[in-house]
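The values are calculated or read from the model by the stated rules, or taken from the named source; none is laboratory data. As the structure is a prediction and not an experimental result, all values here were calculated from the model. Heads up, the Cβs are rebuilt from the backbone with ideal geometry, glycines too, and the neighbour counts pull from every protein chain shown.
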């Protein structure tokens with residue numbers, strides 16, 4: 001008899017409980033921790049030959065697709081609470097960040113933040129403003145990735161709603177949309193667009209999220225996954241993200257490899273799962289959103305200030321944001337509106 005494992009892949013003659021939203025897969029929190037550590041490495045201790053900051057963002061994107069596949073299409077989580085949880089996860093910390101940075105900029109003149117930049121940030125359209133040549137100050141520029149994620153979630157939520165009402169498997173639709181987004185990027189690059197004009201756009205970069213979502217759903221239909229698959233896929237994905245690789249390769253084949261790695265991570269060797277489940281990496285993953293928000297202004301101050309000192313400031317600011325804003329707000333909103341325990 002073949003049953004579903006708690007990591008999402010078939011096992012033979014084994015009975016295990018299925019994962020519910022009340023259970024956490026720590027190795028996915030570890031993947032998130034690895035993602036933010038890669039971003040910090042790229043910004044505060046850059047390595048030759050690879051833009052680790054861009055790679056870290058891509059690791060975040062494929063993880064988001066993997067998680068959305070589980071939440072929306074495997075567990076079929078109710079869409080009302082899903083929306084509340086997404087808002088409670090992102091908006092309090094982001095709004096606080098934008099408000100504090102804007103007030104600081106307008107008071108001190110250290111950063112150049114305008115009202116159009118603020119409006120584009122809070123409406124998740126900053127990446128399009130960047131794509132058409134409206135350059136935001138670096139302290140807000142990193143919010144482009146949140147624009148990609150949030151609109152991708154909206155699209156996936158509508159697909160989930162439609163597929164539930166009409167009882168069809170959305171896997172091929174999601175993969176088809178991912179392919180269209182990849183093709184969109186290839187065409188725009190061929191027309192002369194640079195990285196910021198092409199791969200900051202939601203209609204291009206959401207391929208990373210959709211690809212991981214559809215791939216995870218597709219792989220769940222197949223047989224057992226070899227433990228070597230996530231390792232080879234992850235290593236290949238990193239190689240394809242080296243600076244020498246064209247953007248067209250990074251965000252097509254490179255993303256496909258990273259999406260395969262995160263989608264099959266449940267079948268990885270035990271030592272890989274233990275590494276990603278290490279409490280330090282998991283804890284870093286829990287802090288990742290606040291760390292991502294607040295590392296940017298200190299990264300932009302490198303030059304007058306040393307990299308180690310700015311990294312230390314970024315970590316302190318991220319910790320403060322997590323414990324004083326993100327976590328209290330998320331718990332309150334989840335209890336108040338979602339009707340489910342905040343830990344779910």
Among the listed residues 228, 187, which satisfies the condition of being out of contact with any helix residue (DSSP H, G or I) (no Cβ under 8 Å at 6 or more places or on another chain), over 27 Å from residue 264 (Cβ atoms) and modelled with pLDDT of 95 or more? 187
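Does residue 132 satisfy the condition of being surrounded by fewer than 16 Cβ atoms within 10 Å (Cβ to Cβ) and either touching a residue at least 24 places away in the same chain (Cβ under 8 Å) or under 30 Å from residue 294 (Cβ atoms) (or both)?
The answer is yes for residue 132.
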Pairing a residue in region 150-168 that is more than 20 Å from residue 128 (Cβ to Cβ) with any residue that is at pLDDT 95 or above and buried (at least 17 other Cβ atoms within 10 Å of the Cβ), where Cβ atoms lie under 6 Å and the two sit 6 or more apart in sequence or on different chains, gives 159/170; 160/72; 163/170
Taking helices (runs of 4 or more DSSP H) that fall entirely within region 112-159, which contain at least 2 residues that are closer than 30 Å to residue 170 by Cβ? 126-131
Given the options 252, 288, 263, name the one that is within 30 Å of residue 137 (Cβ to Cβ) and in contact with a helix residue (DSSP H, G or I) (Cβ under 9 Å, 6 or more places away or on another chain). 288
In region 196-225, which residues are more than 24 Å from residue 270 (Cα to Cα), touching a residue at least 60 places away in the same chain (Cβ under 8 Å) and not in a helix (DSSP H, G or I)? 200, 201
Go through region 290-331 and give me each residue that's in contact (Cβ under 8 Å) with a residue 40 or more places away in the chain and farther than 24 Å from residue 33 by Cα. none
Please enumerate the residues belonging to region 237-253 that are farther than 14 Å from residue 185 by Cβ and in a helix (DSSP H, G or I). 237, 238, 239
